[in-house]
1. Once you put a point 7 Å from the Cα of residue 132 and another 7 Å from the Cα of residue 32, both along the Cβ direction, what distance in nm separates them?
2. I'd like the FRET efficiency for residue 142 and residue 116, computed as 1/(1 + (r/R0)^6) with the beta carbon distance as r and R0 of 45 Å, rounded to 0.05.
3. Work out, step by step, the length gained on full extension between residue 51 and residue 16: first 0.36 nm times the residue separation, then minus their alpha carbon distance; give nm to one decimal.
4. Treating each Cα of the stretch 25-102 as an identical point scatterer and ignoring solvent, apply the Debye formula and state log10 I(q)/I(0) at q = 0.25, 0.28 Å⁻¹.
5. Sort 9, 146, 19, 69 so that the residue with the fewest other Cβ atoms within 10 Å of its own Cβ comes first and the one with the most comes last.
6. Enumerate the whole-percent occupancy of each 5 Å bin, from 0 to the last occupied one, for all C-alpha pair distances of the stretch 12-69.
C-alpha cells in the first residue's frame, strides 16, 4: 500500500471543519497528509485539492468523510472519481458510505455497485444544491412582494434636488454642475434624475 491521504472541504471560512478532521484522524490519516479547502464545491478549481492531486501516486489511499465534501457538481464528481481511480490508480474510501470503498469488490459486480451508488449520491448532492438555489430565489421573490427591500438603503434626496433637477432639464446647468450642487457623484445624480424622469412619465400617462 502507498501513502494515506485525507481531503476536507468546507464551503465558507465560517464553517467548522472539525468533524471531518476527527473522522479522518480516526481512520489514521497522517495529519500532514490532510488537505483542506475552504471553498465552494461547485467545481474542482481549489488550490489544496489540486496540490493533493499532484502528490497522489498509484496504490495511494484517499479518505473523504462524505461524497459532497469531494464536490457538488454531479458531472464533475464523476469525472474526478474516474481521474482518481483510473488515471491516478488510487483507492478511495467515503467514510459515511461504506459501499463507496474501492478497496472492496474489485470484481465486476463490486465495481458496478460502487459506480451505481456513486452516481446516485452525486446526483442527490447536485439536486439538493439546485433546490437550495431555487428556494432562495423563491424566498427573495416572496419577500419582495411583501415589500422587503434588499441591498443598501437608499439615501434621501437633498432638499434642493427638485430645484437643481429642473435647472438641469432646462439645460441651464450640465450634469457635473448639478451633481456638485446636490453634493453627490455625477453617476448618482444621473441615476436619481432618470428615476425622477421615469416617474414623471408614469404620472403623465396616468
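1. Roughly 3.5 nm, to one decimal.
2. Taking R0 as 45 Å, the efficiency between residue 142 and residue 116 is 0.70.
3. Separation in residues times 0.36 nm, less the Cα-Cα distance, equals 10.4 nm.
4. -1.59, -1.85
5. 146, 19, 69, 9
6. The percentages, shortest bin first, are 4, 15, 28, 30, 19, 5, 1.
Every number here is computed from the coordinates shown, using simple stated rules; none is lab data. Everything numeric here is computed off the predicted structure, so don't read it as measured data. Methodologically, a virtual Cβ is constructed for each residue, glycine included, from the backbone with ideal geometry; neighbour enumeration extends over all protein chains shown.
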